[in-house]
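Colleague: Before we start, here is the structure in question, set down as structure tokens.
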Amino acid sequence: MALVSSTPLLQTARDGGYCIGAFNVHTLEMLQAVVEAAEETRSPLIIQSTVGTVKHLGADYIAAAAKVAADRASVPIALHLDHCSDFDIIMQCIRAGYTSVMIDASHDPFDANVAATRKVVEAASAVGVNVEAELGRVGGVEDDIVVDERDALLADPDECAKFVELTGVHTLAPAIGTAHGIYKGEPNIDFDRIGRIAAKVSVPLVLHGGSGIPEAQVRKAVSLGMSKMNVATELRIVFSDAIKEVFAANPDENDPRKYMVPAKKALKLAAIEKMRLCGSIGKA
């Protein structure tokens, strides 16, 4: 089937009390691995790319590969641009065929965030593309965006409701205590805040910083209203470690297929585990 907007996928997930895994990919093999995982588990899927990956590979290359994957797949697949503050890049990705984009103006004051988000919503809605925005600031490192822990601000439930009303945004990523990257200790997630935000907004909520969150905490966040979970760092580590193992055993290996195949297999297994954790297995 063709690539689809993530809006109906996530709304169905919210109504059904489960979550959809959104996986950042950086190579063709990573993209293939998460698609194969979705097919095997009958899970809806969101493929993501960062701005850095778009600059590295090109939005048209990424979209073309995702379109081929979606055409071959029997499960619904959306293609999402993660954490972008550049309107021109967002429009470039929409023109290339992305079905979901994130405008991240969370570093700006509330009114400026509203204005930037509303501008993207107006453009994207005209062509049926989902728009995600962030309120508050998720700590850690995501591509080239760095938010110091001291600067990470938790989202206010009343502001979330006002933000959704003013912007018409389709999905919202509120800062609730998670962080990008791998946690040094237990994440300090504000579960009460998730519940209060979910009670005030009708749009699906997005859990950023999904790498390394303990299983029980993921399940609790999903039960409270998180409908999309972003996973990036954990997948890169799994993929890279599998390649390192090949070279450790055979330092002279020079056939990319010999190290990409095991890396792809390792990532597929990791993605399946995340889909199980999200509760999306069998939901396609």
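Colleague: Going by alpha carbons, how many degrees (0 to 90, nearest 10) lie between the helix axis of 87-96 and the longest principal axis of the chain?
Modeller: 50
Colleague: When all protein chains stay in place, what accessible area (Å², nearest 10, 1.4 Å probe) is found for T27?
Modeller: Here the residue's solvent-accessible area equals roughly 40 Å².
Colleague: Now for a different question. On a 0 to 90 degree scale, rounded to 10, what angle separates helix 6-16 from the longest Cα axis of the chain?
Modeller: That helix lies at roughly 80 degrees to the long axis.
Colleague: Given a 1.4 angstrom probe, I'd like the percentage of the accessible area of the chain that is carbon and sulfur, rounded to a whole number.
Modeller: 53
Colleague: Quick check: the distance between the Cα centres of the range 90-131 and the range 258-284, to the nearest angstrom?
Modeller: Spelled out, the Cα-based centre of one part sits 29 Å from the other.
Colleague: Along the Cα-to-C-beta direction of Q217, a point sits 7 Å from the Cα; which residues of the range 10-43 have their amide N less than 19 Å from that point?
Modeller: Label zone hits: 19-22.
Colleague: Still on this model: If you take the C-alpha gyration tensor of the range 1-110, multiply each eigenvalue by 5 and take the square root, what semi-axes do you get, largest first, in whole Å?
Modeller: One finds semi-axes of 22, 18, 11 Å for the range 1-110.
Colleague: Whose amide H sits under 5 Å from the amide H of Q48, counting only residues 5 or more places off or on another chain, with H placed in the peptide plane?
Modeller: F23, N24, V25, H80
Colleague: Let me ask something else about it. If you count only protein heavy atoms with a 1.4 Å probe, what accessible area per residue comes out for the range 18-147, rounded to a whole Å²?
Modeller: Result: 36 Å² of accessible area for each residue.
Colleague: To continue, here is another question. I need the peptides 265-272, 105-112 ranked by packing, meaning the mean over residues of other C-beta atoms within 10 angstrom, with the highest value on top.
Modeller: For the peptides 265-272, 105-112, the packing ranking is 265-272, 105-112.
Colleague: What list of ³J(HN,Hα) values in whole Hz, one per residue of the range 20-36 in order, does the Karplus curve 6.51 cos²θ - 1.76 cosθ + 1.60 (θ = phi - 60°) give from phi, with Gly and Pro shown as x?
Modeller: Listing the rounded values in order: 10, x, 10, 10, 6, 10, 10, 9, 4, 5, 5, 4, 4, 5, 6, 5, 4 Hz.
Colleague: Which of the chymotrypsin sites (Phe, Trp or Tyr not before Pro) found in the range 54-107 are loop residues per DSSP with 16 or fewer other Cβ atoms within 10 Å of their Cβ?
Modeller: The qualifying sites: there are none.
Colleague: Can you pull out the cysteines in the chain that have no other Cys Cβ under 4.7 Å?
Modeller: C84, C93, C160
Colleague: Still on this structure, please answer the following. So what's the angle, to the nearest 10 degrees on a 0 to 90 scale, between helix 157-167 and the longest Cα principal axis of the chain?
Modeller: 90
Colleague: For the range 276-284, in order, what is each residue's ³J(HN,Hα) by Karplus, 6.51 cos²θ - 1.76 cosθ + 1.60 with θ = phi - 60°, in whole Hz (x at glycine and Pro)?
Modeller: In residue order, the calculated couplings are 4, 5, 6, x, 8, 5, x, 8, 6 Hz.
The values are calculated or read from the model by the stated rules, or taken from the named source; none is laboratory data. Bear in mind that the values here come from a model prediction, so they are computed numbers and not experimental data. All Cβ positions, even for glycine, are placed from backbone atoms using ideal geometry, and neighbour counts span all protein chains on display. Quick note on the areas: whole protein, heavy atoms, side chains included, nothing else; ligands and nucleic acids left out. Shrake-Rupley method; radii C 1.70, N 1.55, O 1.52, S 1.80 Å.
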